[in-house]
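**Student:** Just passing along the structure, written as C-alpha cells.
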Amino acid sequence: MFTISQRPLSSALWSDPVPPSTHRRHPSELAALRGTDDRMDVDVDDADHADLGVGSSLGGHGTYVENDQVVSSVTGTIERVNKLISVKPLKSRYIPEVGDLVIGRIVEVGSSRWRVDANARQDAVLMLSSVNLPGGVQRRKIESDALKMREFLAEGDLLVAEVQAFFGDGAISLHTRSLRYGKLRNGLLLSLPPRLIRRLKSHFHHIPPPCGPSGVDVILGLNGLVWVAAGTGEDRREGGEGFDAEGVYSDKNDVRNPPSSRTAISLVSNLINLFAAHNVPLSDTLLLDAHAWVHKRGVIGPDVPRDVGERLLAELVGVDVSAD
Amino acid sequence: MSSSRLEILNDGGLRHDARRPYELRSTSFSLGTHPTADGSSTVTQGLTSVSVTVFGPREPKQRAGVTHDRASIVVEVGVALWAGTGAQRRTRGDKRLMEVGAAIRQTFEPVIMTQLYPRSEIFINVQVISADGGILPSSINATTLALIDAGISLLDYVTSVSIGLHLTQPLLDLSAPEENDLPTLVVASLPGSGKITLAQMETRLHVDRFEEMLLLGVEAG
C-alpha cells in the first residue's frame, strides 16, 4: 500500500545522479547532466500539476500553460532545449515521427489506399502510389493495379513500412518504396511496449547461424511490434543473386523452413520477451550477445529456463532479477 | 430491514465500522496492473475494489464516434458477478451502470486534453471487483491513475470522495450500509486548481460545507 503525495519538484531527493529514463540522451545532454548540480534539467515529475518554476519558457509536448506558467500534463521525464520545456511520458502509445520504421497490419482496403493499424493514435494510410509493385520500381500505377490491390495486400496482412508524412490531423502516411519493406512472412510477431525500441541506425537485424540453419531475421518496429523470421542468406537479400523480387507479395511461407529454424525463431522471440518483461531496451548487439550467451550454455530452445534467463540478464545487462 | 436498525454514529462518535466521521477507509492504489492495456490501475477503498483499464488514444471502433477535432471518450462499466452489490446480475446495458459510466465520462471530458488527440478514441473500461459503497468515487480515482499510466495528457488529477450527512454530522467515504441510509453526495475535484468537475447527489444539501470537507478528503487520500 502506498499513498501518492506531491513531492516538491527539482528537489535533490534523487540519490542516483541520473534519474531513470528510457530515452537515449544526446551527448551534450549527458555532459550537461554531469556538469551541473541543477537537477532542473531532467527530473522525474510525479507531481502532475506542478509548476516547473521557470519564467519566460515555452511549453512543448506534455505541458500546457496556465497563468504564464508551464505545467506538465503527463508523468514523465522533463526534457529541456533552451527555453522549450517538454515532458515525455514514462509510458505511452507510439508517437510517430517521419522516417520511423514501423510494422503494421492491413485493416481495410480502400480506393487506391490501404488502412494500416500501426499501433498509433489513428490508423495509418498506405497509398497505392507509395508501394513498390512487382515489375520494377519505376513502374506506373494504372487502374488495373487499383483493382488488384487485394491481391497485393489483403486485410490481416502484416507489412513493414516507413513513415512518410503526416496528415493535417496527425494521421500518418506510410511508404514501402524500398525492397527491404513490404509484406512479412516466415516468422512471428511480438508486441512490446514501444518505449523499449530505440531509434537505431538500422532496424533490420540478422542473427547468423548457429541460430537456426539460415539464421534469424529480426525487424524492430518503432511502434513496438517486432517481427522475428527465418533468416535470409546473404545472396537472397535485396541486391543479391537469389533475391526474389516477384515473391514480395507472396502469401506462402517458404516450404524449406525446417523445424530447427522455427525453434530458433521461438528462442529469439523468447529472449526478446524476456528482455521486455524486465524493461530492457532492445538493440541488435544485445540480441546477438544474448543468443551467443545461451548458445554457449547449450540452450537450443525454444524455452529459456527461468534460472538461465535470470543469469543472462544479470551477466549481459546487469539487471538482478532474482529478488523479484 | 436490518439496515434501519444500523446505528450510523454511536455514542462515542464512531461509525458502524469504528471509523471517525472524517476518516477514510484504508486505501491502496496500484498502477500498471493489466499488461496489455495502455494504462491500468486497481484502487481498493475498504471493501470496494475497482479495476480500470484504459485503451488509447486509438482508432475509434465505431465510425459514429469520430469527432474531427478531438478525442471521444468511451466508458464501459461492468460489475463482477461476485462483487456483492446485493442486486441481481447486472449486464452491460444496465441503466444504473450506464449512469455510472456517463458520470465518469462527464467527469473526465473537461480534464483530458482531448484536443491533442483528434479523430481518436480513449476507451475506459471499469470493472467493479467488489462493491461496498462508493463505487463511483473509487472508479474515478482509479480512472485518473489509469489515464496517468497510459500517458494521456490531463489538466490535473481528479480525486473523488463520497460524503453523507447524518443529522448535522457529515461523514466521509461511505460504506454500503451507510450509503443506503444517508443522503449521499459524490464530488470529484481537481486538487491543483480546486475546481469541481462532478457533483452528484439525489437529495438537497448545503454545498459549502461539502466543498470544505472534500478538501479534507483529498488530503486524506
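**Student:** Relative to the present Cα-Cα distance, how much length would full extension add between A:Leu286 and A:Asp68 at 0.36 nm per residue of separation?
**Tutor:** Separation in residues times 0.36 nm, less the Cα-Cα distance, equals 74.0 nm.
**Student:** Let me ask something else. So what's the angle, to the nearest 10 degrees on a 0 to 90 scale, between helix B:207-220 and the longest Cα principal axis of chain B?
**Tutor:** With both axes taken from Cα atoms, the answer is about 80 degrees.
**Student:** Going by average Cβ neighbours within 10 Å, how do the peptides A:270-276, A:78-84, A:101-107 rank, with the highest at the top?
**Tutor:** So the peptides A:270-276, A:78-84, A:101-107, ranked by packing, come out A:101-107, A:270-276, A:78-84.
**Student:** Let me check I have the definition right: for segment A:185-324, take the eigenvalues of the Cα gyration tensor, multiply each by 5, take square roots. What are those semi-axes in whole Å, largest first?
**Tutor:** Ellipsoid half-lengths, sorted descending, are 27, 17, 13 Å.
**Student:** Hey, what's the per residue convex hull volume over the C-alpha atoms of segment B:94-146, in cubic angstrom?
**Tutor:** Cα convex hull per residue, to the nearest whole number: 92 Å³.
**Student:** If only Cα atoms are counted, what is the Rg of chain B, and what is its Dmax, in Å?
**Tutor:** 17.5, 59
**Student:** Please report, as a whole percent, how much of the solvent-accessible surface of segment A:93-184 comes from carbon and sulfur atoms (probe radius 1.4 Å).
**Tutor:** For segment A:93-184, the apolar C and S fraction of the accessible surface comes to 49 percent.
**Student:** How do the peptides B:64-70, B:165-171 rank, highest first, by the average count of neighbouring beta carbon atoms within 10 Å per residue?
**Tutor:** The most tightly packed comes first, giving B:165-171, B:64-70.
**Student:** Using only the Cα atoms of segment A:115-222, what are the Rg and Dmax in Å?
**Tutor:** 15.5, 48
**Student:** Please average, across the residues of B:141-153, the number of beta carbons from any other chain that are within 10 Å of each residue's own beta carbon, and give a whole number.
**Tutor:** That works out to 4 on average.
**Student:** Just from its helices, what would the mean residue ellipticity at 222 nm be for chain B, if runs of 4 or more DSSP H residues each count -39500 (n - 2.57) and the sum is divided by every residue, rounded to the nearest 500 deg cm²/dmol?
**Tutor:** Result for chain B, helices only: -7000 deg cm²/dmol.
**Student:** Just to confirm the number: angle between the C-alpha axis of helix B:135-149 and the first principal axis of chain B, 0 to 90 degrees, nearest 10?
**Tutor:** 40
**Student:** Also, quick follow-up: Projected onto the charge dipole of segment A:251-324 (+1 at Lys/Arg Cβ, -1 at Asp/Glu Cβ, origin at the Cα centre), which of A:Leu286, A:Ala314, A:Val255 gives the Cα projection farthest towards the positive end?
**Tutor:** Comparing the listed Cα positions along the dipole, A:Val255 ranks first.
**Student:** Let me ask something else. Run the dipole for segment A:93-184 about the Cα centre, Lys and Arg Cβ at +1, Asp and Glu Cβ at -1, nothing else charged, and hand back the magnitude in debye, nearest 20.
**Tutor:** The dipole of segment A:93-184 has a size of about 260 debye.
**Student:** For each pair in A:Lys88/A:Lys201; A:Lys141/A:Lys252; A:Lys91/A:Lys296; A:Lys141/B:Lys61; A:Lys91/B:Lys95, compute the distance between the two Cα atoms and list the pairs where it is over 27 Å.
**Tutor:** Pairs exceeding the cut-off: A:Lys91/A:Lys296; A:Lys141/B:Lys61; A:Lys91/B:Lys95.
**Student:** Which whole number gives the average, over all residues in B:50-59, of C-beta atoms from other chains lying within 10 Å of the residue C-beta?
**Tutor:** That works out to 3 on average.
**Student:** Give me the accessible area buried between chains A and B, both sides summed, with a 1.4 Å probe, in Å² rounded to the nearest 100.
**Tutor:** Approximately 2200 Å² gets buried when A meets B.
**Student:** I've got another one for you. Can you compute the charge dipole magnitude of chain B about its Cα centre, using +1 on each Lys and Arg Cβ and -1 on each Asp and Glu Cβ, nothing else charged? Give it in debye, rounded to the nearest 20.
**Tutor:** Computed charge dipole of chain B: roughly 640 debye.
**Student:** Within 10 Å, count the other beta carbons around each residue, average over each peptide in A:91-97, B:137-143, and list them highest first.
**Tutor:** Packing order, densest peptide first, comes out as B:137-143, A:91-97.
**Student:** Of B:Ser41, B:Ala102, B:Asn180, which is farthest along the charge dipole of chain B in the positive direction, counting Lys and Arg as +1 and Asp and Glu as -1 at C-beta?
**Tutor:** The one lying farthest along the dipole's positive direction is B:Ala102.
**Student:** Residue by residue through A:113-124, how many Cβ atoms from other chains fall within 10 Å of the Cβ on average?
**Tutor:** 3
The values are calculated or read from the model by the stated rules, or taken from the named source; none is laboratory data. Quantities reported herein were computed from a predicted structural model and do not represent experimental measurements. Neighbour counts are summed over all protein chains in view; Cβ atoms, including those assigned to glycine, are modelled from backbone coordinates with ideal geometry. Note: accessible area is taken over every heavy atom of the protein model, side chains too, but ligands, DNA and RNA are not part of it. Shrake-Rupley method; radii C 1.70, N 1.55, O 1.52, S 1.80 Å.
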